[in-house]
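Note sheet for the following structure.
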Amino acid sequence: MSTGKKILIGVVVLFVLGLIGSQLDKDKNSNTNNTSSAGNSSSETATATTPAIGIGQPLKTEYFEVTISKADLTKKVNTGNEYSDVAAEPGNQFLIMTATFKNIDNESRMLMDGSVFINYNGKDYEFDKSEVVAAEGFGLFLDQINPLTSKTTKLVYKLPAEIKGPAYYKPGRASDDEKIFLGDLK
């Protein structure tokens, strides 16, 4: 590879990292201005006091209006392409949510997956890593959308097969009380 190509790739990488860092700084600054002095709260309290916004209802966060239109538990992830399917794994299952994100801010914003919270045997568990599925219509890898535009995608979370109980989805960068009730996992 020529020196010129290496320099160009380096500049592009630094530019992308700068954009991500600048976006995170903006979000951090706006979140610190909006924090309350209520003190520390446990995740059990946050889940127990979550408002009853459910599947099919839009949740307005600071930057996005998020709607989960469907949430299913499956043993494997079928993408329609056998090479990008995610095979069944012993002891695990997959939660697949169809989510629509609408940017309600006045500038473009980066989308982030968020977390799934499940209350199992009286304890809250946070699943904050979504699965990477290499197929069209899955995931939010570095996606950024312009104001008043929407993106619909499927988010996939790997969960233990034995977990049961009430489940909530909290979009990325949402406050602790901004969650969508997904139903009781059975």
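Going by average Cβ density within 10 Å per residue, which order do the peptides 165-171, 177-183 take, highest to lowest?
165-171, 177-183
Please say if the stretch 49-91 is rounded, prolate or oblate, where rounded means a/c under 1.5 for a ≥ b ≥ c the square roots of the C-alpha gyration tensor eigenvalues, and otherwise the choice is prolate for a/b larger than b/c and oblate otherwise?
prolate
Compute the relative contact order of the stretch 52-185 as a whole-number percentage, counting only Cα pairs closer than 8 Å that sit 6 or more residues apart in sequence. If you can, show how the numbers build up before the last one.
On the way: 322 pairs, mean separation 38.2, N = 134.
Relative contact order comes out at 29 percent.
For labels at ASP177 and LEU142 in the simple 7 Å Cα→Cβ model, what's the distance in nm?
With each label placed 7 Å out from Cα toward Cβ, I get 3.7 nm.
Under a Cβ-Cβ cut-off of 15 Å, what is the net charge of the residues other than THR100 that fall near it, where Lys and Arg count +1 and Asp and Glu count -1? Display every interim value, and only then the final one.
On the way: positive: LYS60, LYS70, LYS102, ARG109, LYS151, LYS154; negative: GLU65, ASP113, ASP143.
Here the count lands on +3.
Between GLU126 and THR149, what is the spin-label point distance in nm, taking each point 7 Å from the Cα along the Cα→C-beta axis?
With each label point 7 Å from Cα toward Cβ, the separation is 3.1 nm.
Using only the Cα atoms of the stretch 52-185, build the gyration tensor, take square roots of its eigenvalues as a ≥ b ≥ c, and label the shape rounded, prolate or oblate: rounded if a/c is under 1.5, else prolate if a/b is larger than b/c, else oblate.
Numbers: a/c = 2.17, a/b = 1.23, b/c = 1.76.
Verdict is oblate for the stretch 52-185.
What does the charge add up to near LEU159, with Lys and Arg as +1, Asp and Glu as -1, over the other residues with Cβ less than 14 Å from its Cβ?
Values: positive: LYS75, LYS76, LYS129, LYS158, LYS164, LYS186; negative: ASP72, GLU89, ASP124, GLU126, ASP128, GLU131, GLU162, ASP184.
Every neighbour counted, the sum reads -2.
Using amide H atoms built in the peptide plane, which far-off residues or other-chain residues are under 5 Å from THR61 H to H?
VAL66
Throughout, read-outs are computed from the coordinates displayed, never taken from laboratory work. Note that the coordinates shown come from a computational prediction; the quantities given were computed from them, not determined experimentally. Positions of Cβ are generated from backbone atoms using ideal geometry, with glycine treated the same way; all protein chains shown enter the neighbour counts.
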